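Laboratory data are not the source of any read-out in this text; all were calculated from the coordinates shown. Since this is a predicted model, take the numbers as computed values, not measurements. In this analysis, Cβ positions are derived from the backbone assuming ideal geometry, glycine residues included, and neighbour counts consider all displayed protein chains.
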Amino acid sequence: MSFLDVLYFIIPSAIFYAAPLIMTAIGGVFTERAGVVNIGLEGIMIMGAFISIVFNLSFADQLHEWTPWVGLLVAMVVGIIFSLVLAVAAVSLRADQTVSGVALNMLGLAVAVFATKLIYDKGQTDSIDERFSRFDIPGLSDIPVLGKMFFSDVYGTSILAILVAVLAWFVIYKTPFGLRLRAVGEHPMAADTMGVKVSRMRYFAVMISGALGGIGGAIFAQSIAGNFGALTISGQGFMAIAAMIFGKWHPLGALGAALFFGLAQSLSIAGASIPYVQDVPEVILLILPYVLTILALAGFIGKAAAPKASGKPYIKGKR
């Protein structure tokens with residue numbers, strides 16, 4: 001296998017594994033930019049993964065190849081509803097945002113596992129038959145070298161994740177909504193004096209993160225895992241948070257960081273098929289994504305400046 005063949009194998013795989021992280025990390029960017037720390041992304045991903053698998057198993061006979069895509073929409077709605085728990089606690093009740101996020105993670109896992117046991121009478125669901133299909137992008141797949149690397153046998157979820165990252169960059173930095181969002185996260189009192197509804201903007205941001213986190217969990221469950229159990233997500237939400245921080249709270253930075261973690265995950269799973277990598281002990285490849293997550297946070301968290309009001313409840317009229 002030549003070096004080019006290795007790239008043909010590993011790059012599409014890295015983008016494929018990065019898609020759930022990209023979606024969830026972008027959701028985290030929205031909340032952080034609005035001044036809310038969302039540690040609960042793991043719990044939101046769990047709920048998205050759970051509901052998408054249940055929906056897929058229930059409606060595959062009626063919707064066929066459209067089932068996983070409709071499952072994304074269902075997971076998005078459930079993610080929004082579930083994220084409102086954090087919004088009410090952190091924004092309306094001004095509870096500690098970190099504690100609220102941790103509680104959301106515990107609640108999401110408990111609800112999903114209990115419901116799985118209740119519905120299927122076992123610890124995990126059955127495996128789904130309808131998954132996301134791969135396809136060649138007409139015209140672009142014929143480009144020499146790059147066509148086979150980036151535009152052949154691609155998943156629609158990979159394209160969706162990259163488009164969402166670009167759209168998020170445009171919304172946050174090129175629209176009035178994005179300007180208000182960033183103002184609320186940097187100096188909420190100044191934004192309030194200019195007529196910006198701080199609580200409303202923070203609610204919107206948390207709901208957006210819920211939508212994207214739910215979709216991220218659904219993508220992982222329906223394209224990578226194929227079923228749902230207690231260990232299906234297993235740290236993906238925390239990796240997304242690491243990608244957000246590694247990317248310096250910027251949508252395109254989070255995209256790049258998520259691709260980096262996606263590469264690590266693809267090596268851990270498909271490394272046995274890659275020359276030289278296959279000689280690395282399996283345990284090293286399995287822990288690689290988590291080790292890189294820790295190293296990224298340890299090396300960059302002190303160098304990247306979060307939004308100034310991140311994690312601070314806003315009390316109108318109080319400096």
Practice task
Would you mind classifying segment 69-143 by shape? Square roots of the alpha carbon gyration tensor eigenvalues, ordered a ≥ b ≥ c; an a/c under 1.5 is rounded, otherwise it is prolate if a/b is larger than b/c and oblate if not.
Solution key: oblate
Handout entry: FRET efficiency for LEU231 and GLN62, using Cβ-Cβ distance with R0 set to 30 Å, rounded to 0.05
Key = 0.50
Fill in the blank from the handout: Taking Cα pairs closer than 8 Å and at least 6 residues apart, the relative contact order of the chain in percent is 36
Problem - Vicinal HN-Hα couplings computed from phi for segment 71-82 (Karplus, 6.51 cos²θ - 1.76 cosθ + 1.60; Hz; Gly/Pro x) - result: x, 5, 5, 5, 5, 4, 5, 5, x, 5, 4, 5
Handout entry: Relative contact order [Cα under 8 Å, 6+ residues apart], segment 131-290, whole percent
Key = 15
Practice task
Obtain the nm distance between the two label points defined at VAL88 and LEU146 by a simple spin-label model: each point lies 7 Å from its Cα along the Cα-to-C-beta direction.
Solution key: 5.0
Problem - Shape category assigned to the chain from the gyration tensor of Cα positions, a/c cut at 1.5 - result: prolate
Exercise for the section: Based on other C-beta atoms within 10 Å, arrange VAL283, VAL85 from fewest to most. Expected result: VAL283, VAL85
Fill in the blank from the handout: Fewest-first ordering of LYS248, LYS148 by Cβ atoms within 10 Å yields LYS248, LYS148
Completion exercise
Across the chain, qualifying lysine pairs (alpha carbons under 26 Å, at least 8 places apart or different chains) come out at 16
Problem - Contact order normalised by residue count of segment 73-196, Cα under 8 Å, 6+ apart, percent - result: 10
Practice task
With only Lys, Arg, Asp and Glu charged, each at its Cβ (+1 for the first two, -1 for the last two), find how big the charge dipole of the chain is about the Cα centre; round to the nearest 20 debye.
Solution key: 1860
Exercise for the section: Please work out the Cα center distance from segment 87-140 to segment 1-72, rounded to the nearest Å. Expected result: 11
